[in-house]
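Asks: What follows is a structure written as structure tokens; I'll ask about it next.
The values are calculated or read from the model by the stated rules, or taken from the named source; none is laboratory data. Please read all numbers here as calculations on a predicted model, not as lab measurements. Glycine gets a Cβ as well: all are built from the backbone with ideal geometry, and neighbour counts include every protein chain shown.
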Amino acid sequence: MFKLISRDLTLWQIFALRGLLALPLFLLVARLRGYGWSIWKASLGLWPLVRGLCLTMTFLAFYAAIPFLNLSTVGAANYVAPIFVAILSAFVIGEPVGRLGWMGVFLGFAGVVVLLQPGTEAFSPFALLPICGAAFYAVGHIITRTRCATVRPEALAFALGAMMCLAGCVISLVLKVMAPRADLVEAFPYIFGQWAPVGVVDWGVLLVLAVFTVVIGIMLAGAYQAAPPAIIATFEYSYLVFVVVWDVLIFGNAITPTSLTGMAMIVGAGLLVIRARR
């Protein structure tokens, strides 16, 4: 949906407007689940906000790359995150990874190299964005496990939604004041352009994205609280299955044998990590 709507609206406009629609939905869900409107107070703690900032950086990097790459490449590059999670689990929170786990780490990095093909004409600098986002993603979920284990998932999701909305508003304001060069705006309107008029269809898409934000935010927070990050992160590899289907059916992008090989290596790395954690 981001890839489709990016033709009309800027990244920062989408983040700001989606956040404004999502925040009331977060409060409504908390209310319906019996936690009261005071759930937002728990979201304003230091660690929920730091976690929200890390994941906001993740999503900004991920969605910034979407117009320039096919979904499979963006998704596979982003899903090196479980490899970062395994490394941080070992060195930061002391959860052992094991020999199979480390084999998975190295296989995952090799898979990323095969997928992105650095040093060749097939490589795009935009592919580095989701990899940077993956590093922030891993830090965010390590914080979930170690510093936010007792915070309600609704509060964590609300903090994330607030940080994403704030990021969209602040960066939009900075671009308005600084006025990037005309050539940059013309080449990358999705990144450097100003806000565009929002039609009825756009509002409908933004509302759907807001609902997705609420559901995904709460479910991810709960999952990373419930089990070691290395295990939960591995299950996120299922994203790669769905994204290949959407890439082919919606955008007509053929998946090359090299891309499939890289993705298979990354998925294999995840399976090694989860077997090591069993």
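Asks: How do the pairs read when you match residues in segment 55-71 that are part of a loop (DSSP other than H, G, I, E, B) with residues anywhere that are surrounded by 21 or more Cβ atoms within 10 Å (Cβ to Cβ) and charged (D, E, K, R), using Cβ under 8 Å and keeping only pairs 6 or more apart or on different chains?
Replies: Here the result reads ASN70/ASP247, each pair linking segment 55-71 to a residue that is surrounded by 21 or more Cβ atoms within 10 Å (Cβ to Cβ) and charged (D, E, K, R).
Asks: Where residues in segment 8-51 are small (Gly, Ala, Ser) and within 13 Å of VAL215 (Cα to Cα), which of them is surrounded by the most Cβ atoms within 10 Å (Cβ to Cβ)? Walk me through how you get there before you give the answer.
Replies: As a first pass, look at segment 8-51 and keep what is small (Gly, Ala, Ser): 16, 19, 22, 30, 34, 36, 38, 42-43, 45.
Right, trim to within 13 Å of VAL215 (Cα to Cα) and you get 22, 30.
Values: ALA22: 26, ALA30: 24.
My answer is ALA22.
Asks: Next question, about the same structure. Would you please name the residue that is surrounded by the fewest Cβ atoms within 10 Å (Cβ to Cβ), looking only at residues in segment 72-92 that are modelled with pLDDT of 75 or more and not in a helix (DSSP H, G or I)?
Replies: Across segment 72-92, the extreme among qualifying residues is VAL92.
Asks: Here's a follow-up. Considering only segment 221-230, how many residues are surrounded by 21 or more Cβ atoms within 10 Å (Cβ to Cβ) and either modelled with pLDDT under 75 or not aromatic (Phe, Trp, Tyr) (or both)?
Replies: Looking only at segment 221-230, we keep the residues that are surrounded by 21 or more Cβ atoms within 10 Å (Cβ to Cβ), and these are 221, 224, 229-230.
Narrowing the set further to residues that are either modelled with pLDDT under 75 or not aromatic (Phe, Trp, Tyr) (or both) leaves 221, 229-230.
Qualifying residue count, segment 221-230: 3.
Asks: When you check VAL113 against the structure, is it surrounded by fewer than 19 Cβ atoms within 10 Å (Cβ to Cβ) and of a type in the set (Val, Ile, Thr), yes or no?
Replies: Working: surrounded by fewer than 19 Cβ atoms within 10 Å (Cβ to Cβ): yes; of a type in the set (Val, Ile, Thr): yes.
So VAL113 fits the description; yes.
Asks: Step by step: first the residues of segment 195-215, then only those that are without any contact (Cβ under 8 Å) to a residue 12 or more places away in the chain and β-branched (Val, Ile, Thr), then the one that is surrounded by the most Cβ atoms within 10 Å (Cβ to Cβ). Which residue is that?
Replies: VAL215
Asks: Quick check on my filter: what residues within segment 245-266 are closer than 17 Å to PHE2 by Cβ and in a helix (DSSP H, G or I)? Before you say what the answer is, go through the steps one by one.
Replies: Of the residues in segment 245-266, the ones closer than 17 Å to PHE2 by Cβ are 245-247, 249-251, 253.
Those that are closer than 17 Å to PHE2 by Cβ and in a helix (DSSP H, G or I): VAL245, TRP246, ASP247, LEU249, ILE250, PHE251.
Asks: Same structure again: Does ALA127 meet the test of being farther than 23 Å from THR144 by Cα, out of contact with any Pro (no Cβ under 6 Å at 6 or more places or on another chain), in contact (Cβ under 8 Å) with a residue 40 or more places away in the chain and buried (at least 21 other Cβ atoms within 10 Å of the Cβ)?
Replies: Numbers: farther than 23 Å from THR144 by Cα: yes; out of contact with any Pro (no Cβ under 6 Å at 6 or more places or on another chain): yes; in contact (Cβ under 8 Å) with a residue 40 or more places away in the chain: yes; buried (at least 21 other Cβ atoms within 10 Å of the Cβ): yes.
So ALA127 passes the test.
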